[in-house]
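Comments concern the structure below.
The values are calculated or read from the model by the stated rules, or taken from the named source; none is laboratory data. What you see is a predicted model, and the numbers here were worked out from it, not measured in a lab. FYI the Cβ positions are ideal-geometry reconstructions off the backbone, even for glycines, and counts take in every protein chain you see. These area figures cover heavy atoms from the full protein model, side chains too; ligands, DNA and RNA do not enter into them. Shrake-Rupley method; radii C 1.70, N 1.55, O 1.52, S 1.80 Å.
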Amino acid sequence: MNFSAASAESLRTALAGLLDGLPPSQATKAVERLIAHYRGATPTDAPVLRDRSDVAAYAAYRMPATFEAARGALDALRAAAPEWVPGTHTDVGGGTGAASWAVAEAWDGNPPRTTVLDWAEPALALGRELAAGALDAEWRRERIGTALRLDETDLVTVSYVLKELTEGDRTALVTEAARAARGAVVIVEPGTPDGYERIIAARSVLVDAGFTVAAPCPHSDACPIEPGTDWCHFSARVSRSSLHRRVKGGTLPYEDEKYAYVAATRFPVSPAPARVTRRPQIRKGLVLLELCAPGGLDRATVTKRHGPLYKQARDAEWGDSWPPAEEG
């Protein structure tokens, strides 16, 4: 079977007619209930998405943001390992498949064969429907927890899943992902202080299992951020749908999705020499950069006297490698 190229645009096209026939008030209420759940502090061992209306509202509202966050993490992995191409991929807790769309786009010339695992059958069914003709994927119902056993695969992704699990299930899942992954594990969580804490805990499990951190960190040593003082996270620009605007009452055509992530590999990589950890501050004649470097947190002031580096600093974005790789 021939598959079309997966992309943000093709995903938006697939989502465009998803809410047809679903009353706007019902979609809005479903999204509001889901938001309340995800902002809550109580993990669950039951599916959050109960029926098709829940899943349709979730997909239309959340898939674009999850896609962009996963794409940001995968872009950083590819920058650290440009020659690596996974042949197989398992998306744990993948739901309607946003991370799987991001993986297919990341390696669009040779996308891997994907297996999406989730415990919510309505999510799997809708994901399968959305991906028809776009993804080479199998959709399989599995309970995501301590008892989960994964087949060996080149790449494992776990996006926006850990918050839904108990602490014991989180550790067991990341341990199992590390065991099953022949090449890399990518974990994405919300860019909140508690999301960052879950990423740091997962990062420790992966490093203890022998993995090398490919991104965002420029090293595999302990995170230099003092617990409770700050958190490492990044931002992805997401086009807003009409459902976003109805629920949030916003007028802008976009919003920024904050996310935290770790990408780790079983093979040698070339991580960023340093990572821009905040939006660069552009002043008259200079740019201020907040960095995470191998030696710890750092700041750089780049002025016009730095020549071409000054223009690169003005063009730098939150999450970029620093300094930029030399061309040629």
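Observations
- When nucleic acids and ligands are ignored and a 1.4 Å probe is applied, R170 ends up with an accessible area of around 60 Å².
- Cα gyration tensor shape of the range 148-301, rounded if a/c is under 1.5, else prolate or oblate by comparing a/b with b/c: oblate
- Cα-projected label distance for E226 with T13, points at 7 Å along beta-carbon direction, nm: 5.3
- Within the straight-line cut-off of under 30 Å between alpha carbons, the lysines reachable from K284 are K258, K304, K311, sequence neighbours fewer than 8 places apart in one chain being disregarded.
- Bins of 5 Å from zero: percent of alpha-carbon pairs in the range 60-191: 2, 11, 22, 26, 22, 12, 4, 0
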